[in-house]
Amino acid sequence: MAFYTELSLTAQTAYAQLLDAALASEHLRTVADLSGSFAPKTVKGHKYWYYQYTEPSGRLRQIFVGPESEAVKALMEKKSAASSGTALVALARSAISLGCAEVLSRQLRVIRRLSEYGFFRAGGVLIGTHAFLAFGNMLGVVWGDASRTQDIDFAHAGKNLAVALPADIEVHTHEAIQSLEMGFLPISGLSSKAGATYLNPREPDFRLDFLTTLHREGEKPYEHPQLHVTLQPLKFMEFSLENVQQTVLFSADGAVVVNVPHPARYALHKLLVYGERSGGFAVKSNKDIVQTACLLSLLKERRPWEVEEAWQDLTERGKGWITRVKQGVQAVDKAFPSMELRDWLKLPCQN
């Protein structure tokens with residue numbers, strides 16, 4: 001199979017423009033980007049203007065704009081013009097028309113709502129197939145494996161502060177999911193507490209999973225006190241949450257900035273977890289192997305040093321890590337012999 005094809009230079013430029021615009025919109029939000037209205041207050045005979053809007057949580061907020069003046073009037077008039085969100089829609093549609101990979105609109109709606117509540121600013125990371133699709137746009141290619149998935153996977157360093165992004169923001173993640181009114185319900189664990197997975201009973205394949213790194217309690221799920229959502233610990237997850245990157249996901253309805261793993265660490269992490277999967281996870285394991293082959297094939301050609309640096313870090317973490325990654329490497333070489341992955345990585349402890 002062809003692992004990837006090049007995006008045209010025009011498409012790569014369109015993606016770069018969208019990313020720049022989305023980052024600017026993320027960091028330079030103004031009153032013009034909020035959905036609400038101006039409201040005057042008269043205090044001791046002087047008129048003052050406020051901007052009144054409703055947060056995603058439903059709370060009514062007011063921003064002080066200033067006393068009535070020509071500058072304030074200009075801002076109020078500017079509000080009627082197109083917001084940055086409108087500009088992002090146009091840029092996103094342009095990138096899609098040129099061949100960049102988009103996500104489903106309803107999936108973007110979920111991801112954008114979590115972003116609005118601050119999930120990614122608090123250190124949240126988008127993982128799984130949506131991150132893989134984003135890597136294609138980031139690296140200027142279209143993947144030969146065009147498989148899609150209904151589930152959306154999120155991760156957070158959780159109690160492992162050593163690899164966490166700044167996480168002093170309180171995020172009501174459960175409230176954000178409920179505010180979507182899309183039918184998502186948390187799956188209860190053995191203790192009858194809400195679990196780390198949300199399902200829509202009418203569409204069981206459309207699910208949201210929240211993962212984190214292992215902690216002293218092992219693989220026992222726990223509710224994060226700042227994120228207000230239950231996280232499921234997963235082996236080796238900390239490897240993917242180091243050197244996190246920013247990218248933009250988009251559909252014809254808009255765009256949102258998200259955190260994703262570094263592509264090299266994402267690929268090597270897939271090799272690690274391959275040995276942990278069996279039985280009912282066979283299909284997912286095969287998908288992981290294909291994604292790993294696509295990424296490593298591209299990185300081997302363009303950025304081999306990034307894989308080699310991540311690989312050195314991995315192999316220095318102990319025999320358990322090497323034993324598991326060896327199974328993943330063998331699976332890739334069996335499925336795609338021409339990659340000669342074992343020889344490239346100089347896998348230790350070979351038979």
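Taking the criterion of being free of Cβ contacts under 8 Å to residues at least 24 places away in the same chain and closer than 12 Å to Tyr274 by Cβ, the only residue of the stretch 334-344 that qualifies is Lys334. Pairing each residue of the stretch 219-233 that is free of Cβ contacts under 8 Å to residues at least 40 places away in the same chain with any residue that is surrounded by fewer than 17 Cβ atoms within 10 Å (Cβ to Cβ), provided the two are 6+ apart or on different chains, yields C-beta distances under 7 Å for Pro221/Gly189.
Kindly establish whether Val248 is under 21 Å from Val125 (Cβ atoms) and open to solvent by less than 30 Å² (accessible area, probe 1.4 Å).
Considered against the rule, which asks whether it is under 21 Å from Val125 (Cβ atoms) and open to solvent by less than 30 Å² (accessible area, probe 1.4 Å), Val248 comes out as yes.
Condition check ((1) over 26 Å from Glu175 (Cβ atoms); (2) small (Gly, Ala, Ser); (3) modelled with pLDDT of 70 or more; (4) open to solvent by less than 70 Å² (accessible area, probe 1.4 Å)) across all residues:
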{"position": "Gly58", "(1), (2), (3), (4)": "no, yes, no, yes"}
{"position": "Gly66", "(1), (2), (3), (4)": "yes, yes, no, yes"}
{"position": "Lys73", "(1), (2), (3), (4)": "yes, no, yes, no"}
{"position": "Lys79", "(1), (2), (3), (4)": "yes, no, no, yes"}
{"position": "Ser83", "(1), (2), (3), (4)": "no, yes, no, yes"}
{"position": "Ala87", "(1), (2), (3), (4)": "yes, yes, yes, yes"}
{"position": "Leu91", "(1), (2), (3), (4)": "yes, no, yes, yes"}
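Here's the yes/no breakdown for (1) part of a strand (DSSP E or B); (2) more than 30 Å from Glu170 (Cβ to Cβ); (3) not acidic (Asp, Glu):
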position	(1), (2), (3)
Leu231	yes, no, yes
Val257	yes, no, yes
Ala267	no, yes, yes
Glu276	no, yes, no
Gln291	no, yes, yes
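Give me the residue from the stretch 129-143 that is touching a Ser or Thr at 6+ places or on another chain (Cβ under 7 Å) and not in a helix (DSSP H, G or I) and, out of that set, surrounded by the fewest Cβ atoms within 10 Å (Cβ to Cβ). Top of the filtered list is Val142. Taken over the stretch 298-307, the criterion of being open to solvent by 30 Å² or more (accessible area, probe 1.4 Å) and farther than 17 Å from Lys346 by Cβ is satisfied by Glu301, Arg302, Arg303. In a residue-by-residue description of the stretch 162-174, the property of being modelled with pLDDT of 90 or more, more than 16 Å from the chain's Cα centre (by Cα) and not in a loop (DSSP other than H, G, I, E, B) applies to at least one position. Within the stretch 309-324, the set of residues being of a type outside the set (Ser, Thr, Tyr), more than 24 Å from the chain's Cα centre (by Cα) and surrounded by 13 or more Cβ atoms within 10 Å (Cβ to Cβ) comprises Arg317, Trp321, Ile322, Arg324.
Among the residues of the stretch 114-128, those identified as in a loop (DSSP other than H, G, I, E, B) and not charged (D, E, K, R) are Tyr117, Gly118, Phe119, Phe120, Ala122, Gly123, Gly124, Gly128. The listed residues are Val31, Val43, and the only one of them that is at pLDDT below 90, closer than 26 Å to Leu180 by Cα and surrounded by fewer than 19 Cβ atoms within 10 Å (Cβ to Cβ) turns out to be Val31. Under the condition of being touching a helix residue (DSSP H, G or I) at 6+ places or on another chain (Cβ under 7 Å) and not in a helix (DSSP H, G or I), the residues counted in the stretch 302-320 number 0.
The values are calculated or read from the model by the stated rules, or taken from the named source; none is laboratory data. None of these values were measured; they are calculated from a predicted model. Note that we place each Cβ from the backbone using ideal geometry, even for glycine, and neighbour counts take in every protein chain shown. Quick note on the areas: whole protein, heavy atoms, side chains included, nothing else; ligands and nucleic acids left out. Shrake-Rupley method; radii C 1.70, N 1.55, O 1.52, S 1.80 Å.
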